[in-house]
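S.K.: Structure incoming, see below.
The values are calculated or read from the model by the stated rules, or taken from the named source; none is laboratory data. Because the structure is predicted, anything quoted here is derived from the model rather than measured. Here the Cβ positions follow ideal geometry from the backbone for every residue, glycine too, while neighbour counts run over all protein chains shown. Please note that ligands, DNA and RNA were not included when accessible areas were found on the heavy atoms of the full protein model with its side chains. Shrake-Rupley method; radii C 1.70, N 1.55, O 1.52, S 1.80 Å.
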Amino acid sequence: MEPVRVTLIGKPGCHLCDDARAVIEQVRSALTADGVATELVELDILADEELARLHSEDIPVVRIGEKRHAIWHVDAEKFEAAVRRAAGGAKKSFWRR
């Protein structure tokens with residue numbers, strides 16, 4: 001099975017982006033332990049004019065696959081559930097063990 005692609009769109013020095021990255025990494029770690037593979041791709045809006053035009057007021061933006069999942073704040077439980085759905089996996093939650 002292909003890993004679920006998670007994209008974090010942000011920029012350097014963005015504290016909300018750093019917070020989102022921390023939540024994403026924590027959840028990815030738990031998902032990996034459960035056998036759910038993910039791939040994290042980070043995109044910098046300062047390096048891409050189109051991303052800057054689309055998202056400059058909304059960063060961080062988190063996508064799961066091609067769907068936008070969150071802006072500004074990542075809720076760990078909702079993020080985990082969405083990644084599990086994208087993976088077609090069970091609804092077991094790290095946060096409710």
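S.K.: Please find, within segment 48-77, the residue that is farthest from Asp19 (Cα to Cα) out of those that are part of a strand (DSSP E or B) and charged (D, E, K, R). I'd like the intermediate steps shown before the answer.
M.R.: Kept after step one, since they are part of a strand (DSSP E or B), are these residues of segment 48-77: 61-64, 67-71.
Now narrow it down to the ones that are charged (D, E, K, R): 63, 67-68.
Numbers: Arg63: 15, Lys67: 20, Arg68: 17 Å.
Filtering segment 48-77 for residues that are part of a strand (DSSP E or B) and charged (D, E, K, R), the one farthest from Asp19 (Cα to Cα) comes out as Lys67.
S.K.: When the residues of segment 8-21 are filtered to those that are touching a strand residue (DSSP E or B) at 6+ places or on another chain (Cβ under 8 Å) and hydrophobic (A, V, I, L, M, F, W, C), which remaining residue is surrounded by the fewest Cβ atoms within 10 Å (Cβ to Cβ)?
M.R.: So the first thing to find is which residues in segment 8-21 are touching a strand residue (DSSP E or B) at 6+ places or on another chain (Cβ under 8 Å), and the list is 8-12, 16-17, 20-21.
Still in the list and also hydrophobic (A, V, I, L, M, F, W, C): 8-9, 16-17, 20.
On the way: Leu8: 21, Ile9: 24, Leu16: 14, Cys17: 22, Ala20: 24.
If we take residues in segment 8-21 being touching a strand residue (DSSP E or B) at 6+ places or on another chain (Cβ under 8 Å) and hydrophobic (A, V, I, L, M, F, W, C), then Leu16 is surrounded by the fewest Cβ atoms within 10 Å (Cβ to Cβ).
S.K.: Determine, yes or no, whether Asp75 is charged (D, E, K, R), farther than 14 Å from Pro3 by Cβ, open to solvent by less than 70 Å² (accessible area, probe 1.4 Å) and within 12 Å of the chain's Cα centre (by Cα).
M.R.: Numbers: charged (D, E, K, R): yes; farther than 14 Å from Pro3 by Cβ: yes; open to solvent by less than 70 Å² (accessible area, probe 1.4 Å): yes; within 12 Å of the chain's Cα centre (by Cα): yes.
It is true that Asp75 is charged (D, E, K, R), farther than 14 Å from Pro3 by Cβ, open to solvent by less than 70 Å² (accessible area, probe 1.4 Å) and within 12 Å of the chain's Cα centre (by Cα).
S.K.: Please identify the pairs in which a residue from segment 39-56 that is modelled with pLDDT of 95 or more has its Cβ atom under 8 Å from the Cβ atom of a residue that is part of a strand (DSSP E or B) and open to solvent by 60 Å² or more (accessible area, probe 1.4 Å), counting only partners at least 6 apart or on another chain.
M.R.: Glu39/Arg5; Val41/Arg5
S.K.: If a residue has to be open to solvent by 70 Å² or more (accessible area, probe 1.4 Å) and part of a helix (DSSP H, G or I) to count, how many in segment 22-47 make the cut?
M.R.: Initial filter on segment 22-47 (open to solvent by 70 Å² or more (accessible area, probe 1.4 Å)): 25-26, 29, 32-33, 39, 42, 46-47.
Then keep just the ones that are part of a helix (DSSP H, G or I); that gives 25-26, 29, 32-33, 46-47.
So the answer is 7.
S.K.: Answer with yes or no whether Leu8 is among the aliphatic types (A, V, I, L, M) and assigned to a helix (DSSP H, G or I). Even if it seems obvious, please write down each step before you answer.
M.R.: Numbers: among the aliphatic types (A, V, I, L, M): yes; assigned to a helix (DSSP H, G or I): no.
The answer is no for Leu8.
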